[in-house]
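Only one structure is covered here, and it is reproduced in the block below.
What follows is calculated from the coordinates using simple rules that are stated; it is not laboratory data. Just so it is clear, the structure is predicted and the values come from calculations on it, not from any experiment.
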Amino acid sequence: MLIFWSGTSFEKNGFLEDEKGKFLPRNAILEALESAVVFYYIKKDKEIENLVKKYLTTKPKIKEISREIKKIVFKKYPVMEGIEIPEKIYLPKENISKELVKVYDLEKKEFTNSFKMEIFKGVLENVHVKSENIEKIKTACKSYARALAEYEHKELKNTEFEDLIVDIQNSIANEWEIPIRVGYWTNTPYKGDLLFFWRIKEVREYLIKELDIDIRPKDVLYLPRTNEFLGWGEIKD
């Protein structure tokens, strides 16, 4: 079962569509899981951390960063091999709506942009994710979701949105089986793929200086009608 607890989008232009309807591609779920697994094993394994750190500080090619980091991690920890995710996850049209979305700048503590895009929210009971390594993936997803929510809590502290992220943290800790962050929820380069290195000043400064990219999240997308941040969901048996 796949549950989107908050509004979720695929990209600014909307969901993909074919003759059967609108859908999320397999890759949207796969990328969310891979981000979590990469974070977890970099955090867990000092050797992997050092390999990735070395790669990131030797002028990597911007378009290859996510792919190369995943290659380093999955070579030693092939936990994503054989995972089964539907190629197309069809979304009931009654759960899709065109919504006003606002961009909340975490540094300025204010909204800096807004636009309308397609949002899905709901439960997909017949969507199943299967893997021989599902327990390892579950552990990685919980670790990643906790770290991501902790970072956002730090940035949202003493704002009107602090309670929202506290609710998310409580759900991650006590309710959600396999928490995931899916789709278009931030404009941050690489989304959460480099989450572990957000706190490593040496890596951040090198990438800013050499590649002119800041890997820390500058913003999150917010849905004013339902008062929630985008992309939070859960995989459940």
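Near ASP105, the amide H atoms lying under 5 Å from its own belong to GLU110, PHE111, THR112; only residues 5 or more places off or on other chains count, and H is placed 1.01 Å from N.
Working from Cα pairs under 8 Å separated by at least six residues, relative contact order for the chain is 34 percent.
Which label belongs to the value computed from this structure, given these candidates for Rg and Dmax of the Cα atoms in Å: [x] 18.4, 54; [y] 17.4, 49; [z] 26.4, 86? This structure yields the entry labelled [y].
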